[in-house]
Amino acid sequence: MVLDTKAMLMDEALKLFSARGYDAVAVQEIVEAAGVTKPTLYHHFGSKRGMLDALLENRYRPLKEQLNVASRYEHDLTGSLRSVVTTYIAFAREHPSFFRLMRSMSIAPPESEAYQAISSYLRWELDTLEQLFIDAVPEHGNLQGHHQLYAITLQGIVLKTIDHCQQEKVCMNEDLVHNTVKLFMHGIYAL
């Protein structure tokens with residue numbers, strides 16, 4: 001029952017946070033949606049922020065595991081980029097509410113509780129993508145010294161494309177992966 005209550009609280013919080021934003025949701029709304037009391041939420045998470053931290057750790061784990069594998073450079077930069085883009089798109093398709101929550105938190109003011117909660121995850125993502133480009137430098141010399149910019153640009157293109165697709169409820173398919181990687185690769189070779 002304890003795990004079910006925690007999971008139910010996180011599910012309800014995710015629904016509310018992704019629909020209206022972390023700051024706009026009160027603890028009372030979460031507990032009412034879950035059919036429990038405030039002391040129950042505080043027992044499991046300590047605070048609203050504690051709940052957000054647990055939610056992020058729990059729901060972010062699959063993306064982290066998949067991106068770790070997808071971002072390995074295996075002497076095929078285009079293939080690695082396809083894996084990364086496919087991973088992001090698949091995750092967004094499978095977890096649309098959590099993806100929207102992540103995106104909204106990533107553009108929150110840096111001093112906000114929401115941004116503070118997600119900032120280490122955002123840094124991890126960029127570090128992981130940067131490492132892909134660093135590892136590719138021996139075979140792609142034009143990447144030398146540009147790995148951070150490439151990581152930021154790749155992530156930006158992918159996330160904004162997914163944002164658009166989620167709003168339109170279309171286009172998350174193999175053609176999108178192919179065209180996103182192709183567009184990005186033209187930028188690499190332009191430098």
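With Cα atoms defining each centre, segment 53-106 and segment 111-156 are spaced 13 Å apart in the structure. Charged side chains reduced to their Cβ positions (Lys and Arg at +1, Asp and Glu at -1) give segment 53-190 a dipole of some 300 debye around its Cα centre.
When shorter helices are ignored and each DSSP H run of at least 4 residues is given -39500 (n - 2.57), the per-residue value for the chain at 222 nm works out to -26000 deg cm²/dmol. Placing a pseudo-label 7 Å from each Cα along the Cα-to-Cβ vector at TRP124 and ALA19 gives an inter-label distance of 2.8 nm. Among the listed pairs LYS6/LYS48; LYS38/LYS64; LYS64/LYS182, those whose Cα-Cα separation exceeds 22 Å are LYS38/LYS64; LYS64/LYS182.
Any idea what angle helix 2-20 forms with the longest principal axis of the chain, computed on alpha-carbon atoms, 0 to 90 degrees, nearest 10? Between helix and principal axis, roughly 70 degrees.
Every number here is computed from the coordinates shown, using simple stated rules; none is lab data. Quick caveat, the model's predicted, so the values are computed rather than measured. When we count neighbours, we look across all protein chains shown, and the Cβ atoms used for this are built from the backbone with ideal geometry, even at glycine.
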